[in-house]
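The values are calculated or read from the model by the stated rules, or taken from the named source; none is laboratory data. What you see is a predicted model, and the numbers here were worked out from it, not measured in a lab. Methodologically, a virtual Cβ is constructed for each residue, glycine included, from the backbone with ideal geometry; neighbour enumeration extends over all protein chains shown.
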Amino acid sequence: MTVHSETKWSDGRNFPEIRAERRDGNIIEFDLFVGANLFQFQGHFPNEPVLPGVAQIDWAARLGQQHFGINGPIARLGQLKFSRLVGADSLLHLRLEWNNEKQRLLFSYREGDETCSSGYFELSTQ
């Protein structure tokens, strides 16, 4: 008899491995390894894990806050495009660009030469 252990929702990590980071002024780029053990893949989907778009948005927001010192509430998300599915064990390139004048953080994820997702966050001016 073979015993299979099930992965519990609380067992996975929730942030990708940062393999490289480059900064040039208001632009920062990351090479991220999106391992199959990430929490976000649990149940999404069991036989073909796909990284949810909300995870991509969350990671971009967190890294933007951390590296650009962005504070304050996000007023809106704009031009969100999800053009390619991201599977488990992928190497992604994330580019963040902070526009201080517009209080806007632009983000884009690529896998190789293909854009997976992009958009921006705009902070509240109040």
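List of remarks:
- Only one entry of A36, A61, A88 meets the criterion of being under 18 Å from I18 (Cβ atoms) and under 11 Å from the mean Cα position of the chain (by Cα), and that entry is A61.
- If you check E29, E122, E97 for being over 16 Å from the mean Cα position of the chain (by Cα), in a strand (DSSP E or B) and surrounded by 14 or more Cβ atoms within 10 Å (Cβ to Cβ), only one passes: E122.
- Positions within the stretch 89-112 being modelled with pLDDT of 95 or more, more than 28 Å from A36 (Cβ to Cβ) and among the acidic types (D, E), in sequence order: E97
Residues are listed down the side, and each one gets a yes or a no for (1) closer than 23 Å to R104 by Cα; (2) of a type outside the set (S, T, N, Q); (3) modelled with pLDDT of 95 or more:
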| site | (1), (2), (3) |
| --- | --- |
| M1 | no, yes, no |
| E17 | no, yes, yes |
| I27 | yes, yes, yes |
| Q40 | no, no, no |
| D58 | yes, yes, no |
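- Among the residues making up the stretch 91-126, those that are touching a Lys or Arg at 6+ places or on another chain (Cβ under 9 Å) and under 15 Å from P16 (Cβ atoms) are L91, L92, H93, L94, R95, F107, Y109, R110, E111, C116, S117.
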